[in-house]
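Chemist: One structure coming up, written as structure tokens, with questions to follow.
The values are calculated or read from the model by the stated rules, or taken from the named source; none is laboratory data. Everything numeric in this text was worked out from a predicted model, so none of it was measured. Positions of Cβ are generated from backbone atoms using ideal geometry, with glycine treated the same way; all protein chains shown enter the neighbour counts. Accessible surface areas use protein heavy atoms only, side chains included; no ligands, DNA or RNA. Shrake-Rupley method; radii C 1.70, N 1.55, O 1.52, S 1.80 Å.
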Amino acid sequence: MKSVITFAFLILFQMVFSQIKGNDKVELEISKLITAKHQYEKIKGYAAKRPEIYNRQKDSCYNSYIGYIKELKSNSNEYKQYIDNAIKSDELEKELLFYTYVNKNMPFDPNKYTISKLDLYRVINHYLFVLNKNVLPENLEDIHISIKKNRKKGFKHQTEKDIVTEIRRK
């Protein structure tokens, strides 16, 4: 009896919590698209250095990236409506995301790689739905619509002179 109740509870638990609301599903698919874009860019960089090892994986990542774009385009009305409604919200301006892949273990300038969620949705809308492109622009510099840049203070590499000056101040 106890095992039957436990089994029924597990099935009920899965059914209740596996359903994703419509808007969350759209946001999740957009997130998957950007993750696939990052993964493709990462492997593409590896393949440039060692093509004999990474070319097959690069092709697989590219197909995954294109698959997510096709998913968005196949349900374009649903995604376009969600993006149009989301663009009206000012809260998305505060949330920053990485637009291009960057190795976060190394120093980097966040202004070269981050974009607000609002601008990301605008880029997706413009390039995939208005211009009907097959891929998103690779870098922020390739985006030809107005987006906000330089949201964070620029990153400056520390030189030997800077270190010595900082030590002398202390």
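Chemist: Taking region 39-58 on its own, how many of its residues are surrounded by 14 or more Cβ atoms within 10 Å (Cβ to Cβ) and out of contact with any helix residue (DSSP H, G or I) (no Cβ under 9 Å at 6 or more places or on another chain)?
Modeler: Of the residues in that region, 0 qualify.
Chemist: When both residues are 6+ apart or on different chains and their Cβ atoms are under 6 Å apart, which pairs have a first residue that lies in region 105-133 and is without any contact (Cβ under 8 Å) to a residue 12 or more places away in the chain, and a second that is surrounded by 19 or more Cβ atoms within 10 Å (Cβ to Cβ) and part of a helix (DSSP H, G or I)?
Modeler: Close Cβ pairs satisfying both conditions: K133/Y127.
Chemist: Among Y127, Y99, which is within 12 Å of the chain's Cα centre (by Cα) and of a type in the set (S, T, Y)? First the steps, then the outcome.
Modeler: Working: Y127 fails: within 12 Å of the chain's Cα centre (by Cα).
Every option except Y99 fails the conditions.
Chemist: Next up: Among the residues of region 61-75, are any modelled with pLDDT under 90, exposed (fewer than 14 other Cβ atoms within 10 Å of the Cβ) and hydroxyl-bearing (S, T, Y)?
Modeler: Checked region 61-75: no residue is modelled with pLDDT under 90, exposed (fewer than 14 other Cβ atoms within 10 Å of the Cβ) and hydroxyl-bearing (S, T, Y).
Chemist: Kindly list, by first and then second residue, each pair from a residue in region 40-63 that is within 18 Å of E138 (Cβ to Cβ) to a residue that is open to solvent by less than 50 Å² (accessible area, probe 1.4 Å) and aromatic (F, W, Y), limited to pairs with Cβ atoms under 7 Å and residues at least 6 apart or on different chains.
Modeler: Within 7 Å, the pairs are Y40/Y65; C61/Y40; Y62/Y40.
Chemist: Scan the helices (runs of 4 or more DSSP H) fully inside region 59-170 and keep the ones with 3 or more residues being within 20 Å of E29 (Cα to Cα) and not basic (K, R).
Modeler: Details: elements: 76-87, 117-124, 160-169.
Output list reads 76-87, 117-124.
Yes/no matrix, rows are residues, columns are (1) surrounded by 13 or more Cβ atoms within 10 Å (Cβ to Cβ); (2) out of contact with any strand residue (DSSP E or B) (no Cβ under 9 Å at 6 or more places or on another chain); (3) not acidic (D, E):
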site	(1), (2), (3)
K88	no, yes, yes
K94	no, no, yes
F98	yes, no, yes
K112	yes, yes, yes
V123	yes, no, yes
F129	yes, yes, yes
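Chemist: Oh, and also: Take I34 and decide whether it is modelled with pLDDT of 95 or more, under 18 Å from L120 (Cα atoms) and surrounded by 15 or more Cβ atoms within 10 Å (Cβ to Cβ). Step through it out loud before you land on a result.
Modeler: Details: modelled with pLDDT of 95 or more: yes; under 18 Å from L120 (Cα atoms): yes; surrounded by 15 or more Cβ atoms within 10 Å (Cβ to Cβ): yes.
So I34 fits the description; yes.
Chemist: Is it the case that D109 is within 30 Å of T159 (Cα to Cα) and among the acidic types (D, E)? Step through it out loud before you land on a result.
Modeler: Working: within 30 Å of T159 (Cα to Cα): yes; among the acidic types (D, E): yes.
Yes.
Chemist: Those residues that are of a type in the set (G, A, S) and under 16 Å from the mean Cα position of the chain (by Cα), I need them from region 54-85; list them, please. It would help to see each step written out before you state the result.
Modeler: Quick first cut of region 54-85, residues of a type in the set (G, A, S) only: 60, 64, 67, 74, 76.
S64, G67 - these are the residues of region 54-85 that are of a type in the set (G, A, S) and under 16 Å from the mean Cα position of the chain (by Cα).
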